[in-house]
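What follows is a set of notes on a single structure, which appears directly below.
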């Protein structure tokens, strides 16, 4: 059973996003999320495909990496290979060899919050832990207390407001109305919503994009 490494294609992105969504577990670590793919999809499907790496065994997707900033890859690993030593060894070999086209020579970072065998192999191979993240979690079974904001789900008509608030908060943001439409047309957004918060004067003062994997594990961007 050979393990293959491929760069994603535009045609394979939907399959990749569904695989990543299926790996999310409420009782597990937060790893690469379909919302990460959905947000980056705003730059266009071709641009996203070029920075996504896919590991398969017998045609089944078992790991996905999103390459960012040339020296960082954010990993998602299927629970079925959590303790699979041969698979972990192949992942490490591919990440360690610049000729494989994943990470460049020199300093690099791997964000791997899942994959017990893979994480242990990283440690044994001399990789060192970086600054830890603290994911925040809230059970939404009970009703959330009301806020002094009117919340509206953004659509094509209110998308300019959603974009304007982001640009006001982040002056260097490259997010545009065109990118919002591109993102909203992508498959991960079928389970996502952009929310706009209006104050008592009906002024838009807050925005958030809520991504769901369809398994009770939302993500915020």
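The values are calculated or read from the model by the stated rules, or taken from the named source; none is laboratory data. Everything quoted here is computed from the prediction, not taken from an experiment. As a convention, Cβ positions derive from the backbone with ideal geometry for all residues, glycine included, and neighbour counts pool all protein chains shown.
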Inset, instruction - Determine whether the stretch 59-77 contains at least one residue that is in a helix (DSSP H, G or I), without any contact (Cβ under 8 Å) to a residue 12 or more places away in the chain and under 27 Å from residue 176 (Cα atoms). - result: no
Inset, instruction - Please state which one of 124, 167 is free of Cβ contacts under 8 Å to residues at least 40 places away in the same chain, over 30 Å from residue 193 (Cβ atoms) and out of contact with any strand residue (DSSP E or B) (no Cβ under 7 Å at 6 or more places or on another chain). - result: 124
Inset, instruction - Identify, from the list 72, 62, the residue that is surrounded by 17 or more Cβ atoms within 10 Å (Cβ to Cβ), outside the structural domain of residue 206 (by TED's automatic domain parsing) and under 26 Å from residue 10 (Cβ atoms). - result: 62
Legend entry - Conditions (1) more than 30 Å from residue 198 (Cβ to Cβ); (2) surrounded by 16 or more Cβ atoms within 10 Å (Cβ to Cβ); number of the one not met by residue 162: (1)
Inset, instruction - Can you tell me which residue among 160, 135, 188 is under 16 Å from the mean Cα position of the chain (by Cα) and in a helix (DSSP H, G or I)? - result: 188
Inset, instruction - Say whether the condition of being surrounded by fewer than 18 Cβ atoms within 10 Å (Cβ to Cβ) and touching a helix residue (DSSP H, G or I) at 6+ places or on another chain (Cβ under 7 Å) is met by at least one residue in the stretch 188-199. - result: no
Legend entry - Subset of the stretch 86-108 that is surrounded by 12 or more Cβ atoms within 10 Å (Cβ to Cβ) and in contact with a helix residue (DSSP H, G or I) (Cβ under 6 Å, 6 or more places away or on another chain) - its residue that is nearest to residue 118 (Cα to Cα): 88
